[in-house]
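A short reminder: the numbers here are calculations on the coordinates, not readings from a lab. Computed from a predicted structure; not experimentally measured.
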Amino acid sequence: MIVPKPAFRLTKGEIKYHTVVGESGKTVGRGFCAGCGSPITSQLGAMPDVMVVKAGSLDDPARFKPTMNIFTSSAPPWATLAPGLKNFPKMPG
């Protein structure tokens, strides 16, 4: 899920980041729970005003509906894409 940075609020725990250089040539910070290592967020140097939140880290991920399929070029053949949505081979932007 992509949300404006000011809309993101961590309600419990602490996030530790591992930063790499993405395909854009800009940094990508991958945020993990400091306690258990579960992936929670990504911070994109190419899109500094947003926070990417891993839907599986939410208390109730079913509350949110997808609006696009991204990274479809690297999807395995068995992956099911949400029907009726625009597909992007890479991160749009």
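Tabulated values for the structure
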| read-out | value |
| --- | --- |
| Share antiparallel - DSSP beta bridges, the stretch 2-87, percent rounded to 5 | 90 |
| For the chain, alpha-carbon Rg relative to the globular expectation (2.2 N^0.38 Å, N residues) | 1.13 |
| Cross-link reach list, lysines versus LYS65, counting only Cα pairs under 18 Å and skipping chain neighbours closer than eight places | LYS54, LYS86 |
| Inter-part distance where the stretch 7-50 and the stretch 51-93 are each reduced to a Cα centre, Å | 17 |
| Backbone HN-Hα couplings from phi across the stretch 34-50 [Karplus 6.51/-1.76/1.60, Hz, Gly and Pro as x] | 5, x, 10, x, 5, x, 10, 9, 9, 10, 9, x, 6, 9, x, 8, 10 |
